[in-house]
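Asks: Below you will find the structure I want to go over with you.
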Amino acid sequence: AAPANNPCPILAVNPNLHRPYAPAWNLSIQHALNNNLSLQLAYVGSHGEKLLGLNDANAAAPGSAWETFNAATKSCAPGAAPAAPANTSCQNLSRPYYGKFPYLANINEIQNLDISNYDALQVTLTQRPMHGLNYLLGYTYSHCLEMQSGDWNGSTLPSDPYNPRADYGDCLTDVRHSITWSLS
């Protein structure tokens, strides 16, 4: 039969999955301005590596849906105009695992493909008890980068399964400027 069937998608786990890790580091300098007031400057960073993410291990070749299917030779050749309806036969034939598993479409696989980075400059001014009053004033300038924002409930596939790192960018939770203050 022609490969125009509607194969089903499945979820898989890469058999060579590694443990994700995220080392963190910091460097800080503190200076006492007087007996009750101090200023601290700190650089804080972390880098997540081998983080878990989803990717389609059986993605169709780009542009394969616009090829023309030859039923006699069961092969595809360029020729369909972009305005034509997508050709699922050619799309399915271009999948890497079609020959072995023709009933599978997307094999959404959990892989170690995501990374993340966080860098921050933190400034803290601390007033120790003086006349019954103390406070802490903090400012943080930071930048968070990652490949996939969110959690597994809203997990999405990379926009390009052949280049997942193309989705590397600002985190959804990226807050560049943050000020905190506590008074007691």
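The values are calculated or read from the model by the stated rules, or taken from the named source; none is laboratory data. Source: prediction; values computed, not measured. Neighbour counts are summed over all protein chains in view; Cβ atoms, including those assigned to glycine, are modelled from backbone coordinates with ideal geometry. Heads up: the accessible areas ignore ligands, DNA and RNA and are worked out on the full protein's heavy atoms, side chains in. Shrake-Rupley method; radii C 1.70, N 1.55, O 1.52, S 1.80 Å.
Asks: Under a point-charge model restricted to the Cβ atoms of Lys and Arg (+1) and Asp and Glu (-1), what is the dipole moment magnitude of the chain relative to its Cα centre, in debye to the nearest 20?
Replies: Here the chain has a charge dipole of around 220 debye.
Asks: In sequence order, what are the phi-derived ³J(HN,Hα) couplings for the stretch 72-78 according to the Karplus relation 6.51 cos²θ - 1.76 cosθ + 1.60 with θ = phi - 60°, rounded to whole Hz, with x for glycine and proline?
Replies: Values, residue by residue: 5, 9, 6, 9, 10, 9, x Hz.
Asks: Further, regarding this structure: Could you work out how far the C-alpha centroid of the stretch 1-60 sits from that of the stretch 103-122, in angstrom?
Replies: Each part's Cα centre sits 7 Å from the other's.
Asks: How much accessible area per residue does the chain have, in Å², with a 1.4 Å probe?
Replies: The answer is 63 Å² per residue.
Asks: From the C-alpha coordinates alone, can you work out the Kirkwood hydrodynamic radius of the stretch 23-74, in Å?
Replies: By the Kirkwood definition, the hydrodynamic radius is 17.6 Å.
Asks: Just want to confirm a number: the relative contact order over the chain, from Cα pairs under 8 angstrom separated by 6+ residues, in percent.
Replies: 25 percent
Asks: Here is a further query. In Å, what Kirkwood hydrodynamic radius results for the stretch 101-184 from the alpha-carbon pair distances?
Replies: 16.5 Å
Asks: What's the percent breakdown of Cα-Cα distances in the chain across 5 Å bins, shortest bin first?
Replies: Taking every Cα pair in the chain, the percentages come to 1, 7, 11, 12, 11, 10, 9, 8, 7, 6, 5, 4, 3, 3, 2, 1, 1, 0, 0.
Asks: Can you tell me which of 123-129, 10-16, 49-55 comes out highest on packing, and rank the rest after it, using the mean Cβ neighbours within 10 Å?
Replies: By packing density, highest mean first, the sequence is 49-55, 123-129, 10-16.
Asks: Now for a different question. Ignoring ligands, DNA and RNA, please state the percent of accessible area on the stretch 7-59 from carbon and sulfur, probe 1.4 Å.
Replies: That fraction is 59 percent.
Asks: What FRET efficiency comes out for the pair GLN30/ASN117, r = Cβ-Cβ distance, R0 = 25 Å, nearest 0.05?
Replies: With a Förster radius of 25 Å, E is 0.45.
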